[in-house]
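Encoded as structure tokens, the structure appears first; notes follow it.
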């Protein structure tokens, strides 16, 4: 693995990064409050055995999506190829190669305050 190359931050970049650290800390604290409030509302809905709760200017519902099915077509094809012997297995390998594409990996921006764990954000850049 190649060693990462760093450049020294400009004073403006350093100030912006310090601001980012403060905002990330603030958001994390508020996210905990949001999660706690949502969990309290969800618990109340479940405790009452209802679909939701309605307040003066809000309503909250708790619904579960229908279960979905996912077929493991690779296993189906492999099992069918076994039934057809060597010719089936060769055909499977050919078809798999012809229908396999490579997707580009995501580029991740990681901002790590020194002495803390990293925060990774997927970005398209």
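Between residue 102 and residue 29, what is 0.36 nm times their sequence separation minus the Cα-Cα distance? Round to one decimal in nm.
Values: separation 73, 0.36 × 73 = 26.28 nm, distance 3.92 nm.
So the extension gain works out to 22.4 nm.
Using the eigenvalues of the Cα gyration tensor, what equivalent ellipsoid semi-axes result for the stretch 3-114 when each is taken as the square root of five times the eigenvalue, whole Å, largest first?
Working: eigenvalues 424, 252, 18 Å².
They are 46, 36, 10 Å, listed largest first.
Per residue of the chain, what 222 nm ellipticity follows from adding -39500 (n - 2.57) for every DSSP H run with n ≥ 4, rounded to the nearest 500? Before the final figure, lay out each step's value.
Working: 3 runs with 63 residues, N = 125.
Value at 222 nm, helices only: -17500 deg cm²/dmol.
Would you please put 69-78, 13-22 in order of how densely packed they are, using the mean number of other Cβ atoms within 10 angstrom per residue and starting with the highest? Intermediate results must be reported in sequence, preceding the final value.
Working: 69-78: 9.1, 13-22: 11.5.
Answer by packing, highest mean first, reads 13-22, 69-78.
Where the centre of each part is set by its Cα atoms, how far does the stretch 24-44 sit from the stretch 48-78, in angstrom?
A separation of 21 Å, based on Cα centres.
Computed from the coordinates by the stated procedures, all read-outs in this text should not be read as laboratory data. Just so we're clear, the structure is a prediction, and the values are computed from it rather than from any experiment. Cβ atoms come from the backbone with ideal geometry, glycine included; neighbour counts cover every protein chain shown.
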